[in-house]
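Novice: First the structure, which I've put down as structure tokens, then a few questions once you've had a look.
The values are calculated or read from the model by the stated rules, or taken from the named source; none is laboratory data. Given the structure is predicted, the values throughout are model-derived calculations rather than measurements. Using ideal geometry, Cβ is built from the backbone for each residue, glycine included, and neighbour counts are taken over all protein chains shown. Heavy atoms of the whole protein, side chains included, go into the accessibility calculation; ligands, DNA and RNA do not. Shrake-Rupley method; radii C 1.70, N 1.55, O 1.52, S 1.80 Å.
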Amino acid sequence: MTDTLTPVLTDNWDAERAWTMAAYEERGGYAALDKAFAMGPDAVITAVKDSGLRGRGGAGFPTGMKWGFIPQDNPRPKYLVVNADESEPGTCKDIPLMMATPHTLVEGVIVSSYAIRANTAFIYVRGEVLHVVRRLQRAVQEAYLAGHLGKNIHGSGYDLDLIVHAGAGAYICGEETALLEGLEGRRGQPRLRPPFPAVAGLYASPTVINNVESIASVPAILTEGAAWFASMGTEKSQGHGIFSLSGHITRPGQYEAPLGITLRQLIDLAGGMREGHELKFWTPGGSSTPLLTPEHLDVPLDFESVGAAGSMLGTRALQLFDETTCVVRAVLRWTEFYKHESCGKCTPCREGTWWLTQTLARLEKGQGTEEDLDLLLDQCDNILGRSFCALGDGATSPISSSIQHFRDEYLAHLTHGGCPFDPAASTAFVPAGADA
Amino acid sequence: MSHPTNGLDEKTWGELREIAARYPEARSGLLPMLHLVQSVEGRVTPEGIEACAEVLGISAAEVNGVATFYTMYKRKPVGDYHVGVCTNTLCAVMGGDLIFERLKEHLDVGNDETSEDGKITLEHIECNAACDYAPVMMVNWEFMDNQTPESAVQAIDDLRAGNPVHSTRGPQLCTWREAERVLAGFPDDRADEGPTAGPASLAGLKIARDNGWTAGTASSKGENA
Ligand SMILES: Cc1cc2nc3c(=O)[nH]c(=O)nc-3n(C[C@H](O)[C@H](O)[C@H](O)COP(=O)(O)O)c2cc1C
Ligand code: SF4
Ligand code: FES
């Protein structure tokens, strides 16, 4: 029987100075290196395939399969790029991971680079997290000094350089091809695919791009075994994942559990919704995943089940809002975010997100008409599936799902002539006992 | 190509070249190079753009196109402290909107403006990957978790008065220019300050410990030395 919570990546976050090499090695850190070198690169790829690990950055693509796409007969250098841009609203797992145990990521980078035969790897970390950048820089420096990075690592004949690269503020650079543009010193606008990065990525060379949590999961898969990893989770969504609870809950934070845990279980563990209030709506995996309601509390949080419920598992960014929250205000704010972050490359998203905010802002002020709801859905139709990248699609998720679940609340703004909610009642610092 | 052609000093020119040399292809250095320009100049200046262009052998227009794309690069001078209040949905609802309004009033500035004493530049920012600590404020991109309007005003008054202020999950706050230098890839040797993790990061782990729950790894079974 698997335990309810399964700390693996989070397991040493309560250790004294866990970010240091000394603390990491005391717990057997960097043991996966010699294991990998003894297995050989192909066997490492096979182990990751067998584990069932699927990308933890949102889309859930099988990691081992992605590595297998790297054409080894291509004479150009191969690259590994870690996506540490973590900017999807609600997502807050990679940042605490890199702050607490950057060595887990560095160890994962070494093993993963070895598997795909890369001799240069990058961690592209968003620039707006200074202390995380410091901890990564230090961890990489320590790993070089210890002989885990550089030439002839552990006498294996394998060489690897790892570069920590700080971004400069752009949500779109989390999209993997836009990230490559940023890493090449250009404006972060997505590239046309194909060719996929596995064939022509960084510097037009074969490149694997993986999320922080995906890469950090690799060392334990080697040391504990693929079968151990696959024994957790559900049939097609195997292993452990960090679930991030935020919002109107008693104990927000990071909860590492087998995939397939439910929100009801997580809320119970987290001490329930804040006292005297109840859940109204939530995102399962960031703002780009359609909103769900209390009706979906028992949906197993795995890729298939959340998909079947009409949303997406995404990054397991569970943002919880109680009945004091105006869904129209929430959706308008997310839409303003997408408008702000649209890279401008394609018309449906660039123009569409502008129109969406116009229409929504009118409704929020109680100035629109009921037809505006159909107009909104129409505008969403013109963006979804017609945009160049998934940012445009994501922008429509909160709108169409909120109209589906909360149509009456939009209408209430019209009859009320504005927002019927008191924004003070939803704050974290509302005086105890006060009510809307 | 090897001698300064404008106001940047010799050291900065050397460091710009040093950044470019870290990468398999020099142009990859552009983002960190612009961070370095900000740390030296207090913003992205025309001189800084020209220097990046010269080091990389590309046009100033190309550098400019990149500098205008990313929100962390600033055209107007930034104060000693850049204060970002998260007003993305989760933080906004949890109080970020009220905090931002309060700070605008307190500092008598609008969004992306600097207080008259040149100390504080205020901006509302997007989700900073700390939603479990909402509402969140960033000072020079260091976490100030679980803010209230009062705590935010207090932190800013302390900064303006020159009193030491600590990040809730990091070291004592440095200046914005010092922070930009670290982002350019020149470490300031302060990685060891601050905690391993904040309380919310440990919420699930604590419950697992209390219940004796593990993932059944060798180390959790005590088999690892
Ligand atoms: C707009 C947008 C933003 C994204 N942001 C991130 C991000 O911050 N971190 C991340 O790992 N993946 C992000 N992704 C997904 C990446 O494109 C890519 O799928 C992922 O990094 C692959 O890694 P994985 O297979 O390990 O999940 C984003 C995608 C889109 C469309
Ligand atoms: S969908 Fe939006 S973010 Fe993506 S390419 Fe088009 S404009 Fe850019
Ligand atoms: S919404 Fe503010 S940190 Fe995520």
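Novice: Placing unit charges on C-beta atoms (Lys and Arg positive, Asp and Glu negative, everything else neutral), compute the dipole magnitude of the protein assembly as shown about its Cα centre in debye, rounded to 20.
Specialist: Computed about the Cα centre, the dipole is about 1440 debye.
Novice: A further question follows. Using only Cα atoms, find the angle between the long axis of helix A:130-145 and the longest principal axis of chain A, and express it within 0 to 90 degrees, rounded to the nearest 10.
Specialist: Result, in degrees: 10.
Novice: A follow-up question, please. Under the rule a/c < 1.5 gives rounded, and otherwise a/b versus b/c splits prolate from oblate, where does segment B:135-225 land using the Cα gyration tensor?
Specialist: oblate
Novice: Also, I was wondering about something else. For chain B, which semi-axes, largest first and in whole Å, follow from the square roots of 5 times the eigenvalues of its Cα gyration tensor?
Specialist: Its equivalent ellipsoid spans semi-axes of 35, 26, 15 Å.
Novice: So how far apart, in nm, are the two label points at B:Gln172 and A:Glu371 if each is 7 Å from Cα heading toward Cβ?
Specialist: About 6.4 nm, to one decimal.
Novice: Also: Leaving out ligands, DNA and RNA, calculate the buried accessible area for the pair A and B with a 1.4 Å probe, summed over both sides, in Å² to the nearest 100.
Specialist: In total, chains A and B hide about 6900 Å² from solvent.
Novice: Return the single residue from B:Ala191, B:Ala161, B:Ala215 with maximal mean-square fluctuation; model: Gaussian network over chain B, springs between Cα atoms under 10 Å.
Specialist: B:Ala215
Novice: Another question, if that's okay. Within segment A:15-49, what residues put their amide N at less than 19 Å from the label point 7 Å along the Cα-to-Cβ vector of B:Asp192?
Specialist: Answer for this model: A:15-27.
Novice: Compute the signed sum of charges (Lys and Arg +1, Asp and Glu -1) over the other residues within less than 10 Å, Cβ to Cβ, of A:Ser342.
Specialist: Charge balance in the 10 Å sphere: +1.
Novice: Can you work out the PRE-style zone for A:Arg193? Point 7 Å along Cα to Cβ, and I want the residues of segment A:27-66 with backbone N under 12 Å.
Specialist: So the set is A:58-62, A:66.
Novice: Here is the link list: A:Lys78/B:Lys11; B:Lys11/B:Lys74; A:Lys35/A:Lys93; A:Lys93/B:Lys74; A:Lys35/B:Lys206. Which ones come out longer than 24 Å on Cα distance?
Specialist: A:Lys78/B:Lys11; A:Lys35/A:Lys93; A:Lys93/B:Lys74; A:Lys35/B:Lys206
Novice: Between helix B:46-56 and chain B, what is the angle of the helix's C-alpha long axis to the longest principal axis, kept within 0 to 90° and rounded to the nearest 10?
Specialist: So the inclination is approximately 90 degrees.
Novice: Right, something else. Nearest 10 degrees, 0 to 90: what angle lies between the long axis of helix A:41-51 and the longest principal axis of chain A (Cα atoms)?
Specialist: So the inclination is approximately 40 degrees.
Novice: Quick one: pull the percent of accessible area on segment A:327-416 belonging to carbon and sulfur, 1.4 Å probe, ligands and nucleic acids left out.
Specialist: Whole-percent figure for carbon plus sulfur exposure: 48.
Novice: Mean projection of the alpha-carbon convex hull of segment B:10-67 over all orientations, in nm²?
Specialist: The orientation-averaged projected area of the Cα hull of segment B:10-67 comes to 3.3 nm².
Novice: Sticking with this structure for a sec: If you take every DSSP beta bridge fully contained in segment A:21-224, what fraction is antiparallel? Give it as a percent rounded to 5.
Specialist: Around 10 percent of the beta bridges assigned by DSSP in segment A:21-224 are antiparallel ones.
Novice: Counting only the backbone N, which residues of segment A:383-420 are under 18 Å from the spot 7 Å out from the Cα of B:Lys104 toward its beta-carbon?
Specialist: In segment A:383-420, the label zone of B:Lys104 (backbone N under 18 Å from the point 7 Å along Cα→Cβ) covers A:419.
Novice: Hey, another quick one. I'm a student and want to see the number: the projected area of the Cα convex hull of segment A:327-416, averaged over all directions, in nm².
Specialist: 4.8 nm²
Novice: Please name the residues of segment B:63-96 whose accessible area, counted over protein heavy atoms with a 1.4 angstrom probe, falls by no less than 40 Å² between the chain alone and the full protein assembly.
Specialist: Going by heavy-atom accessible area, the residues of segment B:63-96 that drop by at least 40 Å² are B:Phe69, B:Tyr70, B:Thr71, B:Met72, B:Asn88, B:Thr89, B:Leu90, B:Val93, B:Met94.
Novice: Hey, how much of the P(r) for the protein assembly as shown falls beyond 51 Å, as a percent of Cα pairs?
Specialist: 6 percent
Novice: Okay, helix-only estimate at 222 nm for chain B: each DSSP H run of n ≥ 4 adds -39500 (n - 2.57), divide by all residues, round to 500 deg cm²/dmol; what do you get?
Specialist: Calculated mean residue ellipticity at 222 nm is -11000 deg cm²/dmol.
Novice: How many nm separate the modelled label positions at A:Asn152 and A:Arg76, each set 7 Å beyond the Cα in the direction of the Cβ?
Specialist: So the two model labels end up 3.1 nm from each other.
Novice: Next question, about the same structure. Considering only A:Leu202, A:Phe122, A:Ile95, whose Cα is most displaced toward the positive end of the charge dipole of segment A:21-224, charges sitting on Cβ of Lys, Arg (+1) and Asp, Glu (-1)?
Specialist: Final value for the positive-end residue is A:Leu202.
Novice: How high is the relative contact order of segment B:24-142? Use alpha-carbon pairs under 8 Å, at least six apart in sequence, and give a whole percent.
Specialist: 25 percent
Novice: Rounded to the nearest 5, what is the percent of antiparallel bridges among the DSSP beta bridges in the protein assembly as shown?
Specialist: 45 percent
Novice: Tell me the chymotrypsin sites (Phe, Trp or Tyr not before Pro) within segment A:1-89 that lie in a loop according to DSSP and have at most 14 other beta-carbon atoms within 10 Å.
Specialist: Taking segment A:1-89 and a limit of 14 other Cβ atoms within 10 Å, the loop chymotrypsin sites (Phe, Trp or Tyr not before Pro) found are A:Phe69.
Novice: Please check segment A:178-207 for residues whose accessible area, probe 1.4 Å, is lower by 40 Å² or more when all protein chains are in place than in their chain alone.
Specialist: Going by heavy-atom accessible area, the residues of segment A:178-207 that drop by at least 40 Å² are A:Gly185, A:Arg186, A:Arg187, A:Tyr203.
Novice: Might you report the magnitude of the Cβ-based charge dipole of segment B:125-183 about its Cα centre, with Lys and Arg at +1 and Asp and Glu at -1, to the nearest 20 debye?
Specialist: 180 debye
Novice: With a 1.4 Å probe and all protein chains left in place, how much accessible area per residue does chain A have, in Å²?
Specialist: I get 34 Å² per residue for chain A.
Novice: Still on this structure: Quick check: pseudo-label points 7 Å beyond the Cα along Cα→Cβ at A:Ala425 and B:Asp112, how many nm apart are they?
Specialist: If labels sit at A:Ala425 and B:Asp112, their model points lie 3.5 nm apart.
Novice: Residue farthest toward the positive end of the dipole of segment B:10-67, with Cβ of Lys/Arg at +1 and Asp/Glu at -1: which of B:Pro32, B:Leu56, B:Trp13?
Specialist: It is B:Pro32, whose Cα lies furthest towards the positive end.
Novice: Taking the alpha carbon gyration tensor of segment A:47-202, what are the square roots of 5 times its eigenvalues, largest first, to the nearest whole Å?
Specialist: In descending order, the three semi-axes are 22, 21, 16 Å.
Novice: Would you list the P(r) distribution for segment B:94-157, with all Cα-Cα distances sorted into 10 Å bins from 0 and each bin expressed as a whole %?
Specialist: The percentages, shortest bin first, are 22, 60, 17, 1.
Novice: Further, regarding this structure: Choose one answer from A:His296, A:His240, A:His248: the residue with the largest mean-square fluctuation in a GNM of chain A with alpha-carbon springs under 10 Å.
Specialist: A:His296
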